[in-house]
1. HN-Hα J couplings of region C:55-68 from phi, Karplus 6.51/-1.76/1.60, θ = phi - 60°, integer Hz, Gly and Pro as x?
2. For the A and C pair, go ahead and give the buried accessible area with a 1.4 Å probe, both sides summed, in Å² to 100.
3. Which FRET efficiency value, to the nearest 0.05, is calculated for B:SER38 and A:LEU72 with the Förster distance at 35 angstrom and r the Cβ-Cβ distance?
4. List the residues of region A:7-42 that lose 40 Å² or more of accessible area once all protein chains are present, compared with their chain alone (1.4 Å probe, heavy atoms only, no ligands or nucleic acids).
5. Find out how many positive minus negative residues lie around B:PRO83, taking Lys and Arg as positive, Asp and Glu as negative, among other residues whose Cβ is under 13 Å from that of B:PRO83.
6. List, in order, the whole-Hz ³J(HN,Hα) value for each residue of region B:58-70 obtained from phi through the Karplus relation with A = 6.51, B = -1.76, C = 1.60 and θ = phi - 60°; use x for Gly and Pro.
7. Roughly speaking, what % of Cα-Cα pairs in region B:34-103 are separated by over 18 Å, rounded to a whole number?
8. Can you give me the solvent accessible area of C:ILE225 with a 1.4 Å probe, rounded to the nearest 10 Å²?
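The values are calculated or read from the model by the stated rules, or taken from the named source; none is laboratory data. It should be emphasised that the depicted structure is a prediction, and the values quoted were computed from it without experimental measurement. With ideal geometry, Cβ positions are generated from the backbone for all residues, glycine too; neighbour counts draw on all protein chains shown. To get the accessible areas, we keep the full protein, side chains included, count just its heavy atoms, and leave off ligands, DNA and RNA. Shrake-Rupley method; radii C 1.70, N 1.55, O 1.52, S 1.80 Å.
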Amino acid sequence: MSLFIDGFSQAIELLASGDPSVYSAITATLTVSSWSLAVSLILGMPLGFVLGYYNFLGKQVIRTVVDTLLALPTVVIGLIAYTLFSQSGALGEFDLLFSLKAIAFGQIVLGLPIIVALTAAQVESVDKRLYPTLIGLGATQKQVLLTTLSEVKFGLMTAAVAAYGRIVTEIGISMMVGGNIKYHTRTITTAIALETGKGEFTTGIALGMVLFIIALMVNISLSALKRGWMR
Amino acid sequence: MSELFRLEKIEKRYNGRGVLRIEDLSIDDGKIIGFFGSNGSGKSTLFNILSFVDTPTEGKVFYDGIESKKLSMETKRGIVMLPQNPYLLKRSVFENVAYGLKVRGDIVNLEERVYEALNLVGLFKNFAPRPWSRLSGGESQRVALAARLILKPKVLILDEPTSGVDVGSAQLIKEATFLAKEKWNTTLMISSHDHNWLNLACDRKITLFKGEIVDSGVVNLLFGPWRTDSSGNCEKIFADGQRLKIFKCKAKDSNAVGMLSSDKIRVYQKNDRVSIEKSPLSGIVKTLQIDKNGEHIHVEVLIAEVLLRTTIPLRKMHRYRLYPGESVDVCIDTKSIFWY
Amino acid sequence: MKLAKLKIFTISTVLLLVAGLQAEGTKDTTDVVSTADAGALMMATTTSTDNTGLLDYLGPKFTKDTGVTLKWVAIGTGKALKMGENCDVDILFVHAPASERKFVDSGFGADRRQVMYNDFVIVGPKSDPAKVSGMNQNEALKIIKEKKNPFFSRGDDSGTNKKEISLWKKAVGAVPEKSDWYVQTGQGMLVTINMAAEKNGYTMTDRATWIKYMSQKGDNNSMQITVEGGNGLFNQYSVITISKERCPKVKTNLAKKLTDWLVTEKTQKDIGDFRLLGQQLYVPNAGK
């Protein structure tokens, strides 16, 4: 218990002192996770819409594949990304290994199936009257897509929160392709792993609390957004 | 008078099951057409095809002489449908009403036009910011109608617009609908269980039954159970013990539905000498309603629990002194019954 | 208007994120702690140099002297060598001489130079349950095996792990891998010492990490050095530049800068001066 209290007071101390390595890890985490989520959403929502909305040959197969990808462990994604980005790998020439971009790539692989699967489920559950209503009002296919996504925005927000939770807390990818390089690719989770590895448990807990605070802020601002919509 | 819609050999099937089959149907510009038919008669499917929300499995739809596939988005947008139980977007009333204009990119004086459309259905400016979730059934229906009226459509298709709404809303909906007709000469196609309304308002009536057009008028349905005897006759026994006997009955089983056009039902004064020969049924006049041109009267007669509709010339009503509540003889031309 | 506030909030959040990424884009060259701009050198190293804080101590000095930013991935020596083979790093800073020689001989690396050394020690509970304190490593390991006293191994192919395996082979002929008292943690050195302490076991560590461990535990330390000073407990650290012939993209010039810098008298002195709890962690021995 004392470890926990020490961790908490150290968390506040760390944040207050403006420790550059801590802020660098926070910035790296926020930056890379936000980009990963943004790309996952931009790619995942239309794909999820197509998967949930249209009927086509092989739809069930794709759904099964997407659902299976949900269970992919982050270390496996990290390993695959490493073999791709390594100089001896297929994408080695782009020099992406040990960069935030490489982490973002892995995290998109992690987040995309979540967004696709949950968007598809949301779109499938949408009121059957929506489509004839929108077409009857003169909407084009693209407008149908946008309006449908807007109709299920609460569900999509839950999907985004779920994906963000998985992205921001993952460690396997960040460690494998980021390399946990101080001031560059060290994220909060890899920093926690490092500090734990060094036996600095209180620092680990402090960083864990920072991660928790980030998650809290994300959820608070999202529920504020939700209230704004509900009005 | 120009032809607006033409349907040729239309068939619609869902998973191989036929739900609509129309050999030929033409609808003229600027008319009000009433559609009769029970739930599942194919009305909604026909409306979806007419509004280009859905396409028929087979056959061709022409609009203004052009085949549906060649119609421009712009032309198609002139046809607007209010579906049965319309869906409101999870947005404010304002956004719901403005949606159609927004997808058209036509947002000049948007606010003003939204308020104007709301006024048409008896709602006011202060209603606009309300969220979709805080509307009664009648208000939702009126908002949905306002969202269609704002588009000043060339054709407005209304699928049961007054079902399940309060009396006040129903009245406002009816008024707004005809205002659209007056203002923009909109062609109206309406389906409703409110037969009085349709009888009063429509230039033409189309009846659908099990996916087919059965009559361009009012149709009565006779439900079983039918008791068939060995000589091929059948009869229906009404709740009050009266019997309707049909010789050489073509009912395929005891639950068959017989369909009878309104002009095959005649009403006479009680014990009129004409009717006695035809072994009439005894009924009570429920309602009398004058039709649009003022020459005919729509009569609803109740035989035990079954309501039948027919039309008589105005002078016959005077001659027979038919008034609601009056007992009458009802003669049914059983040979003209269509069986399903 | 509430909604307007919300929009401002959302927009500012987005702007912040964008600003963050742009900062990331330039971060490759401009460091948070340095303003140097002569490129970045990628190094794979053993966990001990990172865990003890030596690299955090040397890194900024190197950048200050040469303008080169030093980035490092701290992993076991085995993994570091593998990354070198894959051309994913420019230089290695490792401590497994036998494997290193093989690595250089196979043409993966070049310009291997000794930088510093310390020694390995076997540490165990102060209560010394196997009663092996003060013995040499061969006897101590033999008795630990006989008494089936818990022993914690890194089990991760790191330099320390390689060393420990060689000690077991020398003492009892084989690594007692399948015995349940022999625990392979698969974790870093400090975690492994912590686990040994929690479970009353012995483990082998480099002295630098041991001093780091003591400095962390302070009065709560329940462990002590059980075996030290024996022949064959020597722990040599070296740098190896990845071969340009095998990996054309390797920044050999920057790697040479680091190699040359590490063996300068000034840096060697700095390494010698790096202390924890008043104790020297590494002994510089470049060129010796």
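1. Result, ordered by residue: 6, 4, 7, 7, x, x, 4, 4, 4, 5, 6, 10, x, 9 Hz.
2. Numbers: alone 12490 and 14420 Å², together 23980 Å².
About 2900 Å² of accessible surface is lost on pairing.
3. E(calc), rounded to 0.05, equals 0.10.
4. At a threshold of 40 Å² (probe 1.4 Å), the residues of region A:7-42 that become less exposed are A:THR31, A:TRP35.
5. 0
6. 9, x, 10, 10, 10, 10, 6, x, 10, 5, 4, 5, 9
7. The calculated P(r) of region B:34-103 puts 51 percent of pairs beyond 18 Å.
8. 40
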